[in-house]
1. Quick test for you: out of ALA67, ALA89, ALA52, pick the one residue that is touching a Cys at 6+ places or on another chain (Cβ under 8 Å) and of a type in the set (A, V, I, L, M, F, W, C).
2. Give me the residue from segment 77-89 that is outside any loop (DSSP other than H, G, I, E, B) and out of contact with any Leu (no Cβ under 9 Å at 6 or more places or on another chain) and, out of that set, modelled with the lowest pLDDT.
3. Going through segment 118-140 one residue at a time, which ones are in a loop (DSSP other than H, G, I, E, B) and out of contact with any strand residue (DSSP E or B) (no Cβ under 7 Å at 6 or more places or on another chain)?
4. Scan segment 61-74 and give yes if some residue there is assigned to a loop (DSSP other than H, G, I, E, B), under 24 Å from GLN33 (Cβ atoms) and aliphatic (A, V, I, L, M), otherwise no.
5. How do the pairs read when you match residues in segment 130-152 that are surrounded by 17 or more Cβ atoms within 10 Å (Cβ to Cβ) and among the acidic types (Asp, Glu) with residues anywhere that are at pLDDT 85 or above and assigned to a strand (DSSP E or B), using Cβ under 8 Å and keeping only pairs 6 or more apart or on different chains?
6. Residues that are closer than 24 Å to ALA35 by Cβ, surrounded by 18 or more Cβ atoms within 10 Å (Cβ to Cβ) and either modelled with pLDDT of 90 or more or within 18 Å of the chain's Cα centre (by Cα) (or both): does segment 98-115 have at least one?
7. Residue by residue through segment 90-117, note down the ones that are hydrophobic (A, V, I, L, M, F, W, C) and part of a helix (DSSP H, G or I).
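The values are calculated or read from the model by the stated rules, or taken from the named source; none is laboratory data. Source: prediction; values computed, not measured. Cβ coordinates were reconstructed from backbone atoms using ideal geometry, including for glycine residues, and neighbour counts include every protein chain displayed.
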Amino acid sequence: MWQIIKQIARVGIATEAAPEPIDAWHTERQDIQQAIQQEILDILGRALCIRAVDAGSCNACELEIHALNNPYYNIEGLGIKFVASPRHADMLLVTGIVTKNMAEALQMTYDAVPHPKLVVAIGACACDGGIFGESYASCGSVANVLPVDVTVPGCPPPPIDILRGILTALSLPKNS
């Protein structure tokens, strides 16, 4: 232990300095963020509230959805937040194949979302059944149970594609 302390005192901390921020990139990113915030406010008049539902996935898609909340993507800074209750949601993000045991719960969740409501299917399983398809235990894709507005394919799709899918669904004309 003392040898390590002596080495630190003699050599110092052997890490390089953090890179200087690039102001042009930061300014451009802020402009894009403000434009998205304004578009969401123009469409909804408030923040976009999303309820995420795992209908039978392997959780890879959930990990990518959770990555949207990290400082790099900062989805809440765009005016998009996740809520616990479907009664407070504007959009459902559904992942995984819809298992027979989850079909009724997914339908009840969809029914609890107030109109106008959007549904985004995240991942290959939610889009078309993936490697599982339809079986005695699975209804297959989300579209077999609910009307889907946007699909985001991938196994799992990267967070930026999920964000694009959310923004695409938001910009669709929707009947009340």
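1. So the residue among ALA67, ALA89, ALA52 that is touching a Cys at 6+ places or on another chain (Cβ under 8 Å) and of a type in the set (A, V, I, L, M, F, W, C) is ALA89.
2. Taking segment 77-89 as the starting set, the residues that turn out to be outside any loop (DSSP other than H, G, I, E, B) are 77-78, 80-82, 86-88.
Subset that is out of contact with any Leu (no Cβ under 9 Å at 6 or more places or on another chain): 77, 87-88.
Working: GLY77: 80, ARG87: 92, HIS88: 89.
The residue in question is GLY77.
3. Step one: of segment 118-140, the residues in a loop (DSSP other than H, G, I, E, B) are 123, 129-134, 136-137.
Within segment 118-140, GLY130, ILE131, TYR136 qualify.
4. yes
5. ASP149/LEU118; ASP149/VAL119; ASP149/VAL120
6. Just the residues of segment 98-115 that are closer than 24 Å to ALA35 by Cβ, to begin with: none.
Taking every residue of segment 98-115 in turn, none turns out to be closer than 24 Å to ALA35 by Cβ, surrounded by 18 or more Cβ atoms within 10 Å (Cβ to Cβ) and either modelled with pLDDT of 90 or more or within 18 Å of the chain's Cα centre (by Cα) (or both).
7. MET102, ALA103, ALA105, LEU106, MET108, ALA112
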